Every structure is written in structure tokens, then in C-alpha cells.
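Note sheet for the following structure.
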Amino acid sequence: MDSRRLAYLKALEIDVWERRDGSARAPVPQAETVVAPAPALRVAPEPARTIQAPAVEPKVVVPEDDGGVSKLGWEELATAVRSCTKCPLHATRTNGVFGVGNRNARWMIIGEAPGADEDRQGEPFVGRAGQLLNSMLKAVGLAREQVFIANILKSRPPNNRDPKPEEVRACIPYLYRQIELVNPGLILCVGRIAAQTLLEVDTPIGKLRGVVHKIAANRPMVVTYHPAYLLRSPVEKRKSWADLLLAMRTYETLQSGATA
């Protein structure tokens, strides 16, 4: 096994078995996981499968009149999020969690909603789940500071319950404006609820993985498991590794096409 691939596995805290001769061998992925050959950061292009969201009645409808959110710049948008009172969650939050990272990032990470640590600190993906997300990014050669990280909801739902449709309708224009301002080359969507919300489906996350979706003006999006879920089910890290490889291949293919 080459040293870079071994570093990826260790960054994701995936067990690596060693033969008696001292060489390392990665665990064999489960049958449904397709693992690409080990990349450097320059990955050999491979055509990405693309699916569109099924034609179903949308669960989330973004209002045509977004209250002017689509015209806001970064600082105005941040102020609007932190002072927002469009849904009842503002009454129970400690902080509106705007997002963090490189505002010109090529990768954007989107999750569901802030948890207790995020609400307290006003920053997405901190605590144990945030540490694992940092390791996932490190596995593909990215630092947290190089990506932009945001959630669909900017306020924490009490007891970390699932977002309500009316809360999503009130908050999602902020996220779409962030996507427009960042203009990422790739979106990595983490978690079932975030994926189902953005794709307007109720398909299980296992069926949303492994393909490239298109959202927000045809931007490519890859779906993977939420770091909090991976902490509870560490065996699924192997599947997330495959998802990260798909994201890398997709981004590299797009970059190759853009410079051709």
C-alpha cells in the first residue's frame, strides 16, 4: 500500500492490518462500496455517474420572495443570519450559526443544523463530530480553513430534533445565498436530512450515496454520512472513504475539463 493511501486511512481512523512482513493492508470494503485506486491528490479522471432528484412533490419550497436575501453581500448576510427572527428557533438559540471557512473555497460542506456545541460557540461542526469532519477533509488533502462549512438551519432545534418544514423554508434562502457567494466547484453534503432536504426526496441516504447529484444552478454534490453518525457506527467510515474518493474524482474531472 502506498504511503499516501495509508495516510488517508489513518486520517479517517480506519483500521489498517499489517502482514507479518510489516507491509500494511487496508480492510476490504463491503460489497456495495466501490473504492477507486489510491489517489495522489491528482486523481485519474473517471466518468461520474449523475442522477437528478426524482420527480416527487417537494418537501421544501423556497419562497420566490426571499426578503431580499439573494441580494445580500457577505457581511449583510452574516448580520441577517445572526439577527434572524423568521422562525421560533430564534427564541431558544444561543447563537445564530452562520458558517465558517474560505469564502472562495472550491469545496463547500453542508450539514443539517447546529448542535449544542455549535450553538454555544456560534460555529458549525465543532466538538467530536467536527473533529472527525476535519479528519475526513485531511484524508483528501484539505484543511478546514480551505473549505466553507455551513448548515441548512442556522439555529439549533431544541434537543437536536429534526428540522420542521417551516423552519427549513425560513432558513434555506440563507444557505442558497451562501452557495452563490462561495460558488464552489463541489458540494459535499453530510447526513440524511441535509441530503433529503436539498434533493427534495425521502430516499434513504444509502441510495443517495455513490452518485453525483446536481443542485443550485447545476453544481455537483456528493452525499455521505454525517460525522456524528460515523462516531456511532465507525464501520461505515469505509463507505465515507469511498464517498470522499468519488468527490475527489468528480472535482478533478471538472477541473480537467475547465482547463482543457
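Bear in mind these aren't lab numbers, they're just calculated from the coordinates by the rules spelled out. Remember, predicted model here, so these are calculated numbers, not experimental data. Cβ: placed from backbone, ideal geometry, glycine included. Neighbour counts: every protein chain shown.
What to note about this one:
- Spacing of the modelled spin labels on E180 and A217, each 7 Å from Cα toward Cβ, amounts to 0.8 nm.
- Of all DSSP beta bridges confined to the stretch 112-260, the antiparallel ones make up roughly 50%.
- At full extension, H90 and R161 could sit 24.1 nm farther apart than now, given 0.36 nm per residue minus the alpha carbon distance.
- Rh by Kirkwood over Cα pairs, then Stokes-Einstein D for the stretch 58-259 at 1.567 mPa s and 4 °C, µm²/s: 76 µm²/s
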